[in-house]
Amino acid sequence: MIGENVKEILNEQINKEFYSAYLYLAMSGYLSEIGLYGFSRWAEIQAREEIDHGMIVFEYLIRQNSRTELKGVETPKLKFGSPQEIFEQIYEHEKTITESINNIAKLTENECDLATRKFIDWYLDEQIEEEDNIHRILKKMKNFGTEKASLYLIDKELGERKYSAHFPTNS
Ligand code: FEO
């Protein structure tokens, strides 16, 4: 049984995950337009993962016989600049998502909703991984510069990313 406050915050999280998917898709489209196909592929896979994140919360609400209230997804606020500037925006965005997940964890503790508290642990781990991945890419761009040759190599590496659905083991 999920209380009203937890239900509301989980519904908001579904929206945030789908907004994230839109953000990465917008980024993917732009990066493909400027010929950075590897960066574009990386962002497209990231968008797919964000949809998974939203779906996991959606399915959790259903399993808990709780109402799902889908809200409209905003147009992404992405300033199209250099790949480094885009990744800086993405890193900031992921930090806000981590804050949302932390807020869910705090709320479930305050409301003694131990099942949702346990459920949200997977997202806490996922955010550590996401922030780390994005920060590593940013560091590479800062360390090796954004000259064409280094950008080409990073683009090649990012283009090798493969999508695989990853879900919590209890979902
Ligand atoms: Fe689903 Fe990138 O957080």
Practice task
Taking the chain as the reference, fit the longest principal axis to its C-alpha atoms, fit the long axis of helix 114-144 to the helix C-alpha atoms, and give the angle between the two in degrees, 0 to 90, nearest 10.
Solution key: 10
Fill in the blank from the handout: Longest principal axis of the chain (C-alpha) makes with the long axis of helix 83-110 (C-alpha) an angle, in degrees to the nearest 10, of 10
Problem - Cα long-axis angle, helix 37-63 against the chain (0 to 90 degrees, to the nearest 10) - result: 0
Problem - Neighbour-limited loop hits for GluC sites (Glu not before Pro), segment 68-116 (at most 14 other Cβ within 10 Å; DSSP other than H, G, I, E, B) - result: Glu69, Glu74
Problem - Order of exposure, largest accessible area first, which applies to His53, His93, His135, His166 with probe 1.4 Å - result: His135, His166, His93, His53
Fill in the blank from the handout: Semi-axes in Å, largest first, for segment 1-69 (Cα gyration tensor, √(5λ)) are 32, 10, 6
Exercise for the section: With a 1.4 Å probe and every protein chain kept in, tell me what percent of the accessible surface of segment 28-86 is carbon plus sulfur. Expected result: 50
Completion exercise
Sorting Ser32, Ser20 on solvent-accessible surface, 1.4 Å probe, most exposed first, gives Ser32, Ser20
Fill in the blank from the handout: Checking segment 107-171 for trypsin sites (Lys or Arg not before Pro) in a loop per DSSP with at most 12 other beta-carbon atoms within 10 Å yields Lys162
Problem - Loop-located GluC sites (Glu not before Pro) in segment 1-45 whose Cβ has at most 14 other Cβ within 10 Å (DSSP) - result: none
Exercise for the section: Just need the relative contact order of the chain here, percent rounded to a whole number, with Cα pairs under 8 Å and 6+ apart. Expected result: 31
Fill in the blank from the handout: Restricting to lysines and to Cα separations under 20 Å from Lys7, and discarding same-chain partners fewer than 8 apart, the set is Lys16, Lys71, Lys106, Lys118
Practice task
State in Å² the accessible area per residue of the chain; use a 1.4 Å probe, count heavy atoms of protein chains only, and round to the nearest integer.
Solution key: 55
Problem - Using alpha carbons only: equivalent-ellipsoid semi-axes of segment 34-171, gyration tensor based, whole Å - result: 33, 15, 14
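The values are calculated or read from the model by the stated rules, or taken from the named source; none is laboratory data. Treat the numbers as computed from the prediction; the structure is a model and nothing was measured. Glycine gets a Cβ as well: all are built from the backbone with ideal geometry, and neighbour counts include every protein chain shown. Protein only, heavy atoms only, side chains kept; ligands, DNA and RNA dropped before computing areas. Shrake-Rupley method; radii C 1.70, N 1.55, O 1.52, S 1.80 Å.
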